[in-house]
Amino acid sequence: MNIVEIFESHPIVATVTVFASTGLAAELIVTAIKYLRSKTRRRRVHEVLFFNELGEICYKEHQSQGTQSAPKTFECKNKHCSLRQLEKITMLIDEAQYSIDICIYTFTCTDLFLAINRALDRGVSIRMISDHEMAYSSKSKVLKLANLGVPLRGPFTTKSMMHHKFCVIDGVARVQEIMGLKKCKWPRPYESVLISGSVNWTYNGFVGNFENCTITSDEILACQFQEEFNRMWKAFLVKE
Ligand SMILES: [Zn+2]
């Protein structure tokens, strides 16, 4: 028996070695989980997007380059670029893991419509609340999404306007509800995001008007908006 074997056969050393290797393995697992979570969790956002006359300077240039949502707007040197601001909203929708709850007065923007379609294809649960007149306007994407199976509700039996312009992505209460329905205890990492401001989801709103739109990962604000969405969702249920 060499010195290493004598050393390893010692009961105290063997016990310490087992504990040390177990602890090391546990630490490695925790580190791996943290790494995977950091890779899959979306980055947190806290930004106000302003849409103004400075954002339109490069608009014609982008149009001549191709579709309005072309990724080349990322290279745009105009820091006020309206289309790049719009792309930031599109990206947030593209990163949705579980749910998108949209409460919008007017929705005609094709880029956001396509992003919602991509989310539908990924299996994201989408709900919409909209205005009784604007939902049925000729260019509205709201009815198009409803025809694709997205549930739609609103204060359709009253004359009150549904004038909100907000969207909650992966709100905690909604994700928990979806997890409950799926009988799943362990959701993938997700980050709640609130999109809210004066801007309607229209090209006139994004490119043409003076508007603002806050995008934020603030949990408290996202929860409050999710709560109001859920309250309205129940209130607008048409009883047959
Ligand atoms: Zn630009």
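The values are calculated or read from the model by the stated rules, or taken from the named source; none is laboratory data. Since we're looking at a predicted model, the values are computed, not measured. With ideal geometry, Cβ positions are generated from the backbone for all residues, glycine too; neighbour counts draw on all protein chains shown. The accessibility values were calculated without ligands, DNA or RNA, using every heavy atom of the protein model including side chains. Shrake-Rupley method; radii C 1.70, N 1.55, O 1.52, S 1.80 Å.
General observations
- Whole-number D in µm²/s for the range 131-240 (Stokes-Einstein; Kirkwood sum over Cα pairs; 25 °C, 0.890 mPa s): 155 µm²/s
- The residues of the range 43-235 expose, per residue, 50 Å² of accessible area to a 1.4 Å probe.
- A full extension of the chain between L114 and I57 corresponds to an added length of 18.0 nm, given 0.36 nm per residue minus the alpha carbon distance.
- Ordered by solvent-accessible area of protein heavy atoms (1.4 Å probe), largest first, the residues L86, L24, L152 come out as L24, L152, L86.
- Pair L148, V172: separation of 7 Å Cα→Cβ label points (nm): 3.0 nm
- Greater than 26 Å apart at Cα, pairs in K141/K183; K88/K141; K159/K234; K88/K144; K77/K141: K141/K183; K77/K141
- Accessible surface of the range 158-218, 1.4 Å probe, proportion on carbon and sulfur as whole %: 56 percent
- Among the trypsin sites (Lys or Arg not before Pro) found in the range 87-151, those both in a DSSP coil and sparsely packed, with 14 or fewer other Cβ atoms within 10 Å of their Cβ, are R122, K139.
- Of the chymotrypsin sites (Phe, Trp or Tyr not before Pro) in the range 70-158, those whose Cβ has at most 16 other Cβ within 10 Å and which sit in DSSP loop: F156
- Whole-angstrom gap from the range 186-201 to the range 114-167, using each part's C-alpha centre: 16 Å
- P(r), alpha carbons of the range 83-170 - 10 Å bins starting at zero, rounded %: 18, 53, 26, 3
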